1. In a loop (DSSP other than H, G, I, E, B), within 16 Å of the ligand (Cβ to nearest atom) and either modelled with pLDDT of 95 or more or surrounded by 20 or more Cβ atoms within 10 Å (Cβ to Cβ) (or both) - does that describe any residue in segment 134-152?
2. Could you please find all residues in segment 241-253 being within 20 Å of residue 24 (Cβ to Cβ) and not aliphatic (A, V, I, L, M)?
3. Filter segment 218-254 down to residues that are among the hydroxyl-bearing types (Ser, Thr, Tyr) and part of a loop (DSSP other than H, G, I, E, B), then give me how many there are.
4. Among the residues of segment 199-248 satisfying the criterion of being acidic (Asp, Glu) and under 19 Å from residue 42 (Cα atoms), which is surrounded by the fewest Cβ atoms within 10 Å (Cβ to Cβ)?
5. Picking from 79, 36, which residue would you name as being among the basic types (Lys, Arg) and within 16 Å of the ligand (Cβ to nearest atom)?
6. Can you run down the residue pairs with Cβ atoms below 6 Å, 6 or more apart or on separate chains, where the first is in segment 186-198 and in contact (Cβ under 8 Å) with a residue 12 or more places away in the chain and the partner is part of a strand (DSSP E or B) and acidic (Asp, Glu)?
7. Going by what's in this entry, would residue 170 be described as out of contact with any Pro (no Cβ under 6 Å at 6 or more places or on another chain) and buried (at least 21 other Cβ atoms within 10 Å of the Cβ)?
8. Which of (1) in a loop (DSSP other than H, G, I, E, B); (2) more than 16 Å from the ligand (Cβ to nearest atom) is the odd one out, the single condition residue 197 does not satisfy?
Amino acid sequence: METEKGKGKLQVFESEEEISVSLAKYTADLSEKFVRESGAFTVVLSGGSLIDWLRKLVEPPYIDSVDWAKWHVFWVDERVVPKDHPDSNYKLAYDGFLSKIPIPPDHVYAINDALSAEGAADDYETCLKHLVKNNVMNLSVASGFPKFDLMLLGMGPDGHVASLFPGHPLVKENQRWVTFIKDSPKPPPERITFTFPVINSSANIALVVAGASNAGALHKALGNGQSSDLLPVQLVSPEGETTWFLDKEAASKL
Ligand SMILES: O=C(O)[C@H](O)[C@@H](O)[C@H](O)[C@H](O)COP(=O)(O)O
């Protein structure tokens, strides 16, 4: 099933396997477009199941056809733990994805895990500012925040995206590019996260959500009901395009 709503392009798949097939083609097509147009492709990863759903991208034909040397990889959020810790989103991505592609190591922007949460957020923001200065990426003309080519986002059953949780003041942060949280309701408590102005400056956002536990939040996000207290996922509203990759369990209440 595929429909266009005001909230983006909505695709519902029979299985997680089909999500993975479609996500690989979508990502490879965007990579081809941005590399052709600008010579680089800036991609933002999440934690959670997303990395597993990228598995078809590291298989033929894409493993051979994607211009991996032009990729620059970032994280929308990261837990403040050592990079070899089981909770690390970097480790998750390295083990399941990055170790399988020929990407130059200096194009992989992991957090500095020797720093505090606050220090790591500052450091990551400084890193992004250097990349803007060196023309690896641009600022959005409309917002003045960095504009990534593609953000691959998951969503939690509470409607959180990145480490922006419902009711938390960080949801309203509108100055910083990268900020930190020390009281995440989902463990581990210390994380850094991109802010909504950065998320919403993206050229493309894929929201990849599977499983019945997410059906309620998706119903609220994509259904026709009105509500004044918006879930974080409802604040995802990029300058560019949103594409939803759902399985039928997640979409069961739509
Ligand atoms: O930092 C975290 O705690 C997770 O990365 C989390 O944000 C995850 O991305 C979502 O909960 C979606 O998870 P699933 O894709 O596994 O449903």
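1. Here is the first cut: in segment 134-152, the ones in a loop (DSSP other than H, G, I, E, B) are 134-137, 140-145, 148-149.
Then keep just the ones that are within 16 Å of the ligand (Cβ to nearest atom); that gives none.
Within segment 134-152, none of the residues are in a loop (DSSP other than H, G, I, E, B), within 16 Å of the ligand (Cβ to nearest atom) and either modelled with pLDDT of 95 or more or surrounded by 20 or more Cβ atoms within 10 Å (Cβ to Cβ) (or both).
2. 241, 242, 243, 244, 245, 247, 248, listed by residue number.
3. So the first thing to find is which residues in segment 218-254 are among the hydroxyl-bearing types (Ser, Thr, Tyr), and the list is 227-228, 237, 242-243, 252.
Filter once more, so that each one left must be part of a loop (DSSP other than H, G, I, E, B): 227-228, 237, 252.
Total meeting the criteria: 4.
4. Narrowing segment 199-248 to residues acidic (Asp, Glu): 229, 239, 241, 247.
Imposing the further condition that a residue be under 19 Å from residue 42 (Cα atoms) reduces the set to 239, 241.
On the way: 239: 16, 241: 13.
Residue satisfying both the conditions and the ranking: 241.
5. Details: 36 fails: within 16 Å of the ligand (Cβ to nearest atom).
Answer to the selection: 79.
6. Close Cβ pairs satisfying both conditions: 191/77; 192/78; 193/77.
7. Numbers: out of contact with any Pro (no Cβ under 6 Å at 6 or more places or on another chain): yes; buried (at least 21 other Cβ atoms within 10 Å of the Cβ): no.
No: the conditions fail for residue 170.
8. Going through the list (1) in a loop (DSSP other than H, G, I, E, B); (2) more than 16 Å from the ligand (Cβ to nearest atom), residue 197 breaks only (1).
The values are calculated or read from the model by the stated rules, or taken from the named source; none is laboratory data. Source: prediction; values computed, not measured. Positions of Cβ are backbone-derived with ideal geometry, glycine not excepted, and every protein chain shown enters the neighbour counts.
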